[in-house]
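Working notes, beginning with the structure itself.
The values are calculated or read from the model by the stated rules, or taken from the named source; none is laboratory data. Given the structure is predicted, the values throughout are model-derived calculations rather than measurements. Quick reminder, even Gly has a Cβ in these numbers, built from the backbone with ideal geometry, and neighbours come from all protein chains shown. Accessible surface areas use protein heavy atoms only, side chains included; no ligands, DNA or RNA. Shrake-Rupley method; radii C 1.70, N 1.55, O 1.52, S 1.80 Å.
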There are 2 protein chains.
Amino acid sequence: MSEMLEEIREKLSSVGLKATQQRMVVYQALMQTMNQHPTAERIFEVVRPHNPTISLGTVYKTLDTFVSNGLAGKVASDAGFMRYDVNMEQHSHIYCTNTQEIIDYHDEGLDELIQQYFQKKNIKNLKISNIHVQINGLKEEPDQDIEIK
Amino acid sequence: MSEMLEEIREKLSSVGLKATQQRMVVYQALMQTMNQHPTAERIFEVVRPHNPTISLGTVYKTLDTFVSNGLAGKVASDAGFMRYDVNMEQHSHIYCTNTQEIIDYHDEGLDELIQQYFQKKNIKNLKISNIHVQINGLKEEPDQDIEIK
DNA sequence: ATCGCTGCAAAGGTTTTGCAACGAG
DNA sequence: CTCGTTGCAAAACCTTTGCAGCGAT
(Lines give C-alpha, C1' and ligand atoms only; values in the text may rest on other atoms or scores of the structure.)
Protein backbone atom coordinates (compact mmCIF):
# COMPACT_ATOMS: atom_id res chain seq x y z
CA MET A 1 0.00 0.00 0.00
CA SER A 2 0.93 3.65 -0.27
CA GLU A 3 4.01 4.96 1.37
CA MET A 4 1.90 7.72 2.79
CA LEU A 5 0.91 5.48 5.65
CA GLU A 6 4.56 4.95 6.38
CA GLU A 7 5.17 8.68 6.33
CA ILE A 8 2.42 9.29 8.83
CA ARG A 9 3.70 6.52 11.04
CA GLU A 10 7.08 8.18 11.04
CA LYS A 11 5.65 11.57 11.72
CA LEU A 12 3.87 10.21 14.76
CA SER A 13 6.84 8.35 16.16
CA SER A 14 9.09 11.34 15.51
CA VAL A 15 7.19 13.17 18.22
CA GLY A 16 6.90 10.08 20.39
CA LEU A 17 3.31 9.12 19.71
CA LYS A 18 2.04 5.59 19.28
CA ALA A 19 0.79 4.91 15.78
CA THR A 20 -2.71 3.78 16.62
CA GLN A 21 -5.32 3.05 13.99
CA GLN A 22 -7.31 6.08 15.07
CA ARG A 23 -4.40 8.47 14.83
CA MET A 24 -3.51 7.15 11.40
CA VAL A 25 -6.95 7.68 9.95
CA VAL A 26 -7.49 11.06 11.62
CA TYR A 27 -4.20 12.29 10.23
CA GLN A 28 -5.11 11.03 6.78
CA ALA A 29 -8.47 12.76 6.98
CA LEU A 30 -6.75 15.98 7.98
CA MET A 31 -4.61 15.76 4.87
CA GLN A 32 -7.55 14.94 2.62
CA THR A 33 -9.60 17.87 3.88
CA MET A 34 -6.70 20.26 4.36
CA ASN A 35 -8.16 22.93 2.13
CA GLN A 36 -11.43 22.88 4.05
CA HIS A 37 -9.77 23.60 7.40
CA PRO A 38 -12.08 21.02 8.89
CA THR A 39 -13.85 20.95 12.23
CA ALA A 40 -13.66 17.91 14.51
CA GLU A 41 -17.15 16.96 13.40
CA ARG A 42 -16.09 17.10 9.77
CA ILE A 43 -13.13 14.81 10.41
CA PHE A 44 -15.48 12.47 12.19
CA GLU A 45 -17.78 12.38 9.15
CA VAL A 46 -14.87 11.64 6.85
CA VAL A 47 -13.42 8.92 9.01
CA ARG A 48 -16.55 7.24 10.30
CA PRO A 49 -17.69 5.32 7.19
CA HIS A 50 -14.43 3.39 7.02
CA ASN A 51 -13.97 3.21 10.79
CA PRO A 52 -17.40 2.61 12.26
CA THR A 53 -16.21 2.18 15.82
CA ILE A 54 -14.29 5.41 16.19
CA SER A 55 -15.96 7.90 18.50
CA LEU A 56 -16.25 11.65 18.25
CA GLY A 57 -14.54 11.99 21.61
CA THR A 58 -11.53 10.17 20.25
CA VAL A 59 -11.42 12.48 17.26
CA TYR A 60 -11.32 15.46 19.60
CA LYS A 61 -8.65 13.89 21.76
CA THR A 62 -6.60 12.88 18.76
CA LEU A 63 -6.76 16.32 17.21
CA ASP A 64 -5.73 17.94 20.47
CA THR A 65 -2.85 15.50 20.76
CA PHE A 66 -1.70 16.52 17.30
CA VAL A 67 -1.93 20.18 18.24
CA SER A 68 0.07 19.79 21.45
CA ASN A 69 2.72 17.90 19.54
CA GLY A 70 3.04 20.43 16.77
CA LEU A 71 1.51 18.18 14.13
CA ALA A 72 -1.50 20.38 13.52
CA GLY A 73 -2.83 23.84 14.22
CA LYS A 74 -6.11 24.89 15.78
CA VAL A 75 -7.93 28.13 15.10
CA ALA A 76 -11.20 29.52 16.35
CA SER A 77 -13.61 30.26 13.55
CA ASP A 78 -15.92 33.24 13.79
CA ALA A 79 -18.85 30.86 13.87
CA GLY A 80 -17.69 29.74 17.30
CA PHE A 81 -16.09 26.36 16.76
CA MET A 82 -12.57 25.17 16.17
CA ARG A 83 -10.94 24.41 12.86
CA TYR A 84 -7.86 22.28 12.40
CA ASP A 85 -5.03 22.58 9.95
CA VAL A 86 -2.17 20.20 9.14
CA ASN A 87 -0.40 22.80 7.07
CA MET A 88 2.25 23.82 9.57
CA GLU A 89 4.24 26.15 7.33
CA GLN A 90 3.90 29.87 7.94
CA HIS A 91 0.92 30.95 5.91
CA SER A 92 -1.93 33.40 5.82
CA HIS A 93 -5.60 32.91 5.14
CA ILE A 94 -8.04 34.28 2.65
CA TYR A 95 -11.62 34.27 3.95
CA CYS A 96 -14.32 34.26 1.31
CA THR A 97 -17.33 36.07 2.64
CA ASN A 98 -19.65 34.57 0.08
CA THR A 99 -18.44 30.98 -0.21
CA GLN A 100 -17.33 30.61 3.42
CA GLU A 101 -14.06 29.12 2.23
CA ILE A 102 -10.76 29.55 4.00
CA ILE A 103 -7.94 29.45 1.52
CA ASP A 104 -4.30 29.01 2.49
CA TYR A 105 -2.08 31.69 1.12
CA HIS A 106 1.66 31.52 1.37
CA ASP A 107 3.65 34.51 0.24
CA GLU A 108 7.24 35.03 1.28
CA GLY A 109 7.38 38.43 -0.33
CA LEU A 110 4.57 39.65 1.85
CA ASP A 111 6.01 38.11 5.00
CA GLU A 112 9.33 39.75 4.38
CA LEU A 113 7.76 43.10 3.62
CA ILE A 114 5.91 43.08 6.93
CA GLN A 115 8.90 41.81 8.90
CA GLN A 116 10.99 44.64 7.52
CA TYR A 117 8.28 47.16 8.25
CA PHE A 118 8.24 46.19 11.89
CA GLN A 119 12.00 46.08 12.14
CA LYS A 120 12.12 49.70 11.03
CA LYS A 121 9.43 50.60 13.52
CA ASN A 122 10.78 50.73 17.01
CA ILE A 123 8.58 48.57 19.20
CA LYS A 124 9.50 48.33 22.84
CA ASN A 125 8.46 45.52 25.16
CA LEU A 126 7.06 43.22 22.50
CA LYS A 127 8.85 40.20 21.15
CA ILE A 128 7.00 39.33 17.94
CA SER A 129 6.81 35.61 17.38
CA ASN A 130 4.79 35.63 14.20
CA ILE A 131 2.54 37.74 12.06
CA HIS A 132 -0.55 36.48 10.36
CA VAL A 133 -2.43 38.28 7.63
CA GLN A 134 -6.11 37.68 7.20
CA ILE A 135 -7.54 38.77 3.90
CA ASN A 136 -11.30 39.09 3.75
CA GLY A 137 -13.01 39.31 0.44
CA LEU A 138 -15.42 37.65 -1.91
CA LYS A 139 -15.11 35.61 -5.03
CA GLU A 140 -16.59 37.33 -8.02
CA GLU A 141 -17.12 33.93 -9.61
CA PRO A 142 -17.92 31.62 -6.70
CA ASP A 143 -17.53 28.51 -8.80
CA GLN A 144 -14.05 29.31 -9.93
CA ASP A 145 -10.75 29.41 -8.13
CA ILE A 146 -8.81 32.46 -7.16
CA GLU A 147 -5.73 33.07 -9.28
CA ILE A 148 -2.71 34.77 -7.86
CA LYS A 149 0.24 35.56 -10.07
CA MET B 1 -25.51 64.31 33.10
CA SER B 2 -22.77 63.63 30.62
CA GLU B 3 -23.38 64.19 26.98
CA MET B 4 -22.06 60.70 26.39
CA LEU B 5 -25.49 59.29 27.12
CA GLU B 6 -26.90 61.56 24.48
CA GLU B 7 -24.28 60.40 22.00
CA ILE B 8 -25.14 56.77 22.60
CA ARG B 9 -28.83 57.49 22.27
CA GLU B 10 -28.13 59.08 18.92
CA LYS B 11 -25.94 56.23 17.79
CA LEU B 12 -28.74 53.80 18.54
CA SER B 13 -31.45 55.78 16.83
CA SER B 14 -29.19 56.38 13.82
CA VAL B 15 -29.46 52.68 13.05
CA GLY B 16 -33.11 52.52 14.05
CA LEU B 17 -32.81 50.91 17.47
CA LYS B 18 -34.87 51.82 20.51
CA ALA B 19 -32.78 53.38 23.25
CA THR B 20 -33.64 50.99 26.04
CA GLN B 21 -32.01 51.12 29.43
CA GLN B 22 -30.27 47.83 28.77
CA ARG B 23 -28.82 48.91 25.45
CA MET B 24 -27.57 52.13 26.97
CA VAL B 25 -25.70 50.45 29.78
CA VAL B 26 -24.32 47.64 27.62
CA TYR B 27 -22.97 50.16 25.16
CA GLN B 28 -21.39 52.16 27.95
CA ALA B 29 -19.81 49.02 29.35
CA LEU B 30 -18.41 48.19 25.92
CA MET B 31 -16.76 51.58 25.80
CA GLN B 32 -15.37 51.30 29.32
CA THR B 33 -13.85 47.89 28.66
CA MET B 34 -12.88 48.54 25.06
CA ASN B 35 -9.23 47.69 25.57
CA GLN B 36 -10.11 44.36 27.16
CA HIS B 37 -12.14 43.18 24.16
CA PRO B 38 -14.67 41.85 26.63
CA THR B 39 -16.72 38.69 26.54
CA ALA B 40 -20.47 38.75 27.10
CA GLU B 41 -19.90 37.48 30.61
CA ARG B 42 -17.47 40.32 31.32
CA ILE B 43 -19.98 42.91 30.14
CA PHE B 44 -22.54 41.28 32.37
CA GLU B 45 -20.20 41.58 35.37
CA VAL B 46 -19.58 45.24 34.64
CA VAL B 47 -23.21 46.10 34.15
CA ARG B 48 -24.87 43.95 36.78
CA PRO B 49 -23.94 45.87 39.97
CA HIS B 50 -25.68 49.00 38.74
CA ASN B 51 -28.45 47.13 36.94
CA PRO B 52 -29.38 44.21 39.14
CA THR B 53 -32.28 43.06 37.01
CA ILE B 54 -30.49 42.74 33.68
CA SER B 55 -30.04 39.16 32.57
CA LEU B 56 -27.14 37.47 30.85
CA GLY B 57 -29.43 36.48 28.00
CA THR B 58 -30.25 40.12 27.40
CA VAL B 59 -26.57 40.98 27.31
CA TYR B 60 -26.06 38.36 24.62
CA LYS B 61 -29.05 39.55 22.62
CA THR B 62 -28.03 43.17 22.96
CA LEU B 63 -24.47 42.51 21.85
CA ASP B 64 -25.68 40.58 18.84
CA THR B 65 -28.05 43.38 17.98
CA PHE B 66 -25.13 45.79 18.04
CA VAL B 67 -23.11 43.51 15.81
CA SER B 68 -25.87 43.10 13.22
CA ASN B 69 -26.32 46.85 13.14
CA GLY B 70 -22.66 47.63 12.70
CA LEU B 71 -22.27 49.16 16.15
CA ALA B 72 -19.81 46.53 17.37
CA GLY B 73 -17.61 43.74 16.13
CA LYS B 74 -17.44 40.15 17.26
CA VAL B 75 -14.37 37.94 17.11
CA ALA B 76 -13.79 34.36 18.15
CA SER B 77 -11.04 33.96 20.68
CA ASP B 78 -8.81 30.92 20.56
CA ALA B 79 -10.14 29.89 23.95
CA GLY B 80 -13.49 29.22 22.34
CA PHE B 81 -15.68 32.13 23.26
CA MET B 82 -16.59 35.41 21.63
CA ARG B 83 -15.09 38.79 22.27
CA TYR B 84 -16.76 42.08 21.41
CA ASP B 85 -15.29 45.33 20.21
CA VAL B 86 -16.86 48.78 19.82
CA ASN B 87 -13.84 50.10 18.00
CA MET B 88 -15.21 50.00 14.47
CA GLU B 89 -12.32 51.72 12.74
CA GLN B 90 -10.01 49.60 10.63
CA HIS B 91 -7.42 48.23 13.01
CA SER B 92 -5.24 45.24 13.69
CA HIS B 93 -4.63 43.28 16.84
CA ILE B 94 -1.59 42.38 18.86
CA TYR B 95 -2.05 39.14 20.81
CA CYS B 96 0.14 38.74 23.84
CA THR B 97 0.91 35.10 24.35
CA ASN B 98 1.93 35.58 27.96
CA THR B 99 -0.55 38.12 29.26
CA GLN B 100 -3.51 37.02 27.11
CA GLU B 101 -4.14 40.62 26.18
CA ILE B 102 -5.51 41.76 22.85
CA ILE B 103 -4.21 45.19 22.02
CA ASP B 104 -5.69 47.36 19.30
CA TYR B 105 -3.14 48.56 16.81
CA HIS B 106 -3.97 51.11 14.19
CA ASP B 107 -1.32 51.87 11.60
CA GLU B 108 -2.16 53.58 8.34
CA GLY B 109 1.34 53.14 7.03
CA LEU B 110 1.06 49.40 7.36
CA ASP B 111 -2.42 49.29 5.86
CA GLU B 112 -1.27 51.29 2.87
CA LEU B 113 1.83 49.17 2.41
CA ILE B 114 -0.24 46.00 2.25
CA GLN B 115 -2.90 47.54 0.02
CA GLN B 116 -0.24 48.58 -2.44
CA TYR B 117 1.39 45.19 -2.31
CA PHE B 118 -1.83 43.50 -3.32
CA GLN B 119 -2.58 46.05 -6.00
CA LYS B 120 0.72 45.23 -7.63
CA LYS B 121 0.00 41.54 -7.37
CA ASN B 122 -2.51 40.49 -9.91
CA ILE B 123 -5.26 38.62 -8.10
CA LYS B 124 -8.11 37.31 -10.21
CA ASN B 125 -11.57 36.46 -8.91
CA LEU B 126 -11.14 37.97 -5.44
CA LYS B 127 -12.58 41.30 -4.39
CA ILE B 128 -10.70 42.18 -1.20
CA SER B 129 -12.91 43.96 1.31
CA ASN B 130 -10.40 44.34 4.08
CA ILE B 131 -7.13 43.06 5.41
CA HIS B 132 -6.42 42.36 9.04
CA VAL B 133 -3.00 41.82 10.51
CA GLN B 134 -2.63 39.71 13.61
CA ILE B 135 0.64 40.13 15.43
CA ASN B 136 1.46 37.41 17.94
CA GLY B 137 4.14 38.00 20.47
CA LEU B 138 4.93 38.37 24.11
CA LYS B 139 5.64 41.23 26.41
CA GLU B 140 9.13 41.12 27.81
CA GLU B 141 7.91 43.14 30.79
CA PRO B 142 4.38 41.88 31.38
CA ASP B 143 3.58 44.71 33.78
CA GLN B 144 4.48 47.46 31.38
CA ASP B 145 2.85 48.71 28.22
CA ILE B 146 4.06 48.20 24.71
CA GLU B 147 5.57 51.30 23.16
CA ILE B 148 5.39 51.88 19.46
CA LYS B 149 7.08 54.89 17.93
C1' DA C 1 2.91 -7.27 30.36
C1' DT C 2 2.63 -2.50 30.60
C1' DC C 3 0.99 1.82 30.13
C1' DG C 4 -1.14 4.74 27.23
C1' DC C 5 -5.23 5.00 24.21
C1' DT C 6 -10.09 4.30 23.05
C1' DG C 7 -15.19 4.35 23.47
C1' DC C 8 -19.02 5.58 25.80
C1' DA C 9 -21.81 8.47 28.30
C1' DA C 10 -22.12 12.08 31.29
C1' DA C 11 -20.80 16.77 32.50
C1' DG C 12 -18.97 21.38 31.29
C1' DG C 13 -19.11 25.96 29.49
C1' DT C 14 -20.93 29.22 26.22
C1' DT C 15 -24.59 30.84 23.52
C1' DT C 16 -29.38 30.60 21.78
C1' DT C 17 -34.31 30.15 22.15
C1' DG C 18 -39.38 30.40 23.63
C1' DC C 19 -42.61 32.88 25.69
C1' DA C 20 -45.15 35.84 28.93
C1' DA C 21 -44.65 40.36 30.89
C1' DC C 22 -42.89 44.94 30.16
C1' DG C 23 -41.84 49.53 28.30
C1' DA C 24 -40.22 52.97 24.58
C1' DG C 25 -41.98 55.47 20.90
C1' DC D 1 -51.58 51.57 22.30
C1' DT D 2 -48.42 48.76 19.81
C1' DC D 3 -44.77 46.13 18.75
C1' DG D 4 -40.30 45.35 19.82
C1' DT D 5 -37.54 44.16 23.97
C1' DT D 6 -36.60 41.92 28.36
C1' DG D 7 -36.05 38.21 31.91
C1' DC D 8 -36.15 33.72 33.03
C1' DA D 9 -35.40 29.02 32.42
C1' DA D 10 -34.73 25.46 29.41
C1' DA D 11 -32.38 23.79 25.47
C1' DA D 12 -28.78 23.59 22.07
C1' DC D 13 -24.26 23.35 20.90
C1' DC D 14 -19.44 22.23 20.93
C1' DT D 15 -15.92 20.34 23.65
C1' DT D 16 -13.92 18.03 27.68
C1' DT D 17 -13.73 14.48 31.20
C1' DG D 18 -13.87 9.92 33.88
C1' DC D 19 -13.28 5.41 33.74
C1' DA D 20 -13.32 0.50 32.41
C1' DG D 21 -11.55 -2.21 28.80
C1' DC D 22 -8.46 -2.54 24.83
C1' DG D 23 -4.19 -2.61 22.09
C1' DA D 24 0.55 -0.93 20.47
C1' DT D 25 5.15 -1.40 21.77
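Results, tabulated for the structure shown:
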read-out	value
Where a residue in region B:108-123 is surrounded by 13 or more Cβ atoms within 10 Å (Cβ to Cβ) and its partner, wherever it lies, is in a helix (DSSP H, G or I), with Cβ under 7 Å and at least six apart	B:L110/A:Y117; B:L113/A:L113; B:L113/A:Y117; B:Y117/A:L110; B:Y117/A:L113
Number of the exception - A:K18 against (1) part of a loop (DSSP other than H, G, I, E, B); (2) modelled with pLDDT of 95 or more; (3) within 14 Å of chain B (Cβ to nearest Cβ)	(3)
Strands (runs of 3 or more DSSP E) within region B:42-149 that include 3 or more residues away from DNA strand C (no atom under 12 Å from the Cβ)	B:92-96, B:102-105, B:126-139
Members of region A:10-40 found to be within 12 Å of DNA strand D (Cβ to nearest atom) and among the aliphatic types (A, V, I, L, M), listed by number	A:L12, A:L17, A:A19, A:M24, A:V25, A:A40
Considering residues of region A:43-78 that are touching a Phe, Trp or Tyr at 6+ places or on another chain (Cβ under 9 Å) and among the charged types (D, E, K, R) only, the residue least open to solvent (accessible area, probe 1.4 Å)	A:K74
Test: residue in region B:11-31 that is away from DNA strand C (no atom under 14 Å from the Cβ), closer than 16 Å to B:L63 by Cα and open to solvent by 70 Å² or more (accessible area, probe 1.4 Å)	yes
Pairs with Cβ under 7 Å, 6+ apart, first in region A:14-39 and free of Cβ contacts under 8 Å to residues at least 12 places away in the same chain, second in a helix (DSSP H, G or I) and crowded, with 20+ Cβ neighbours inside 10 Å	A:A19/A:L12
All positions within region B:37-52 that are under 25 Å from B:E6 (Cβ atoms) and among the polar types (S, T, N, Q)	B:N51
Matching residues in region A:79-105 - criterion: being within 10 Å of another protein chain (Cβ to nearest Cβ), of a type in the set (V, I, T) and either open to solvent by 40 Å² or more (accessible area, probe 1.4 Å) or in contact (Cβ under 8 Å) with a residue 60 or more places away in the chain (or both)	A:T97, A:I103
